[in-house]
Amino acid sequence: MGVPETGYRPERVQRPAPIPIPDLALTAPEPDAKPTPARGFDAVAEAVLGDEPLVTDGAGTAFLVEPMGLINEAVKAGRIEEAAGLAERTVDEAAAGLGPEHPEVLRLRELTAYIAYLAGDPLRSFHLSLDLARIRHRAHDAEAAYGNVQSAATAWRAVRDPEQGLALGRDLIDLWTELATEDGPAVEDIEELESARARMGRLTERARKNSG
């Protein structure tokens, strides 16, 4: 005699996400949005997964070679919490030795933002990326600033709370709009800015429904 149908279904075990390759979307898109690849972190992902030198500036940065290697190995192996701790300590040491806006310190901060994103902390990833975008913008490095804006946008799309998303989105779009008025890649990629503005509209609608 067959076993009676009870309607019970065992819950599916949620397994940790695999370490992504460049251009892989790491978070589920909103129901009303098309899938968006994590393009903002492409350069960092390629550096972690590729064969390029981990430290590009040879002036007094040899002390970074070993910790950078350990960080990348931890990321590749999926030990994200370990990688996050190593990255935080290395950023502090590098900033103390080289200055907070040294190119290698900025690269390390980009890596820290990427690791925060992998660790499921989009808020920290967003703030790190947007701070970097402001630094690059002040330095008139439009290409790097826009890359950091794209990273911030990727982290922002992973924020599910609409009120929080609206607050972050205002800061993001303000800087993004400023970049789009100047020479640089943001001008040539205006559709991405319009997509971000469209998401702000969806977040506003969701926040309104939640408050009602």
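The values are calculated or read from the model by the stated rules, or taken from the named source; none is laboratory data. Just so we're clear, the structure is a prediction, and the values are computed from it rather than from any experiment. Every residue, glycine as well, gets a Cβ built from its backbone with ideal geometry; the counts of neighbours run over all protein chains shown. Areas reflect the complete protein model, heavy atoms only, side chains present, ligands, DNA and RNA absent. Shrake-Rupley method; radii C 1.70, N 1.55, O 1.52, S 1.80 Å.
Using +1 on the beta carbon of Lys and Arg, -1 on that of Asp and Glu, and nothing else charged, what's the dipole of the range 93-141 about the Cα centre, debye to 20? Can you show the working numbers first?
Values: 6 positive and 7 negative charges, 30 e Å.
About 140 debye.
Could you give the nm distance between label points at Asp174 and Asp161, where each point is 7 Å from its Cα heading toward the beta carbon?
Spacing of the two 7 Å Cα→Cβ label points: 2.0 nm.
Rounded to the nearest whole Å², what accessible area per residue is found for the range 59-210 with the 1.4 Å probe?
Details: 7050 Å² over 152 residues.
Spelled out: the 1.4 Å probe surface of the range 59-210, per residue, equals 46 Å².
Can you list, bin by bin at 5 Å, the percent of alpha carbon pairs in the range 117-212, starting at 0?
3, 14, 26, 23, 18, 10, 4, 2, 0
Compute the Cα gyration tensor for the range 60-164, then decide on rounded, prolate or oblate, letting a ≥ b ≥ c be the square roots of its eigenvalues: rounded whenever a/c is under 1.5, prolate when a/b is larger than b/c in the other cases, and oblate in all that remain.
On the way: a/c = 2.26, a/b = 1.16, b/c = 1.95.
Since a/c reaches 1.5 but b/c is at least a/b, the shape of the range 60-164 is classed as oblate.
In whole percent, how big is the carbon plus sulfur part of the accessible area of the range 63-212, probe 1.4 Å, protein atoms only?
Working: 3510 of 7030 Å².
Whole-percent figure for carbon plus sulfur exposure: 50.
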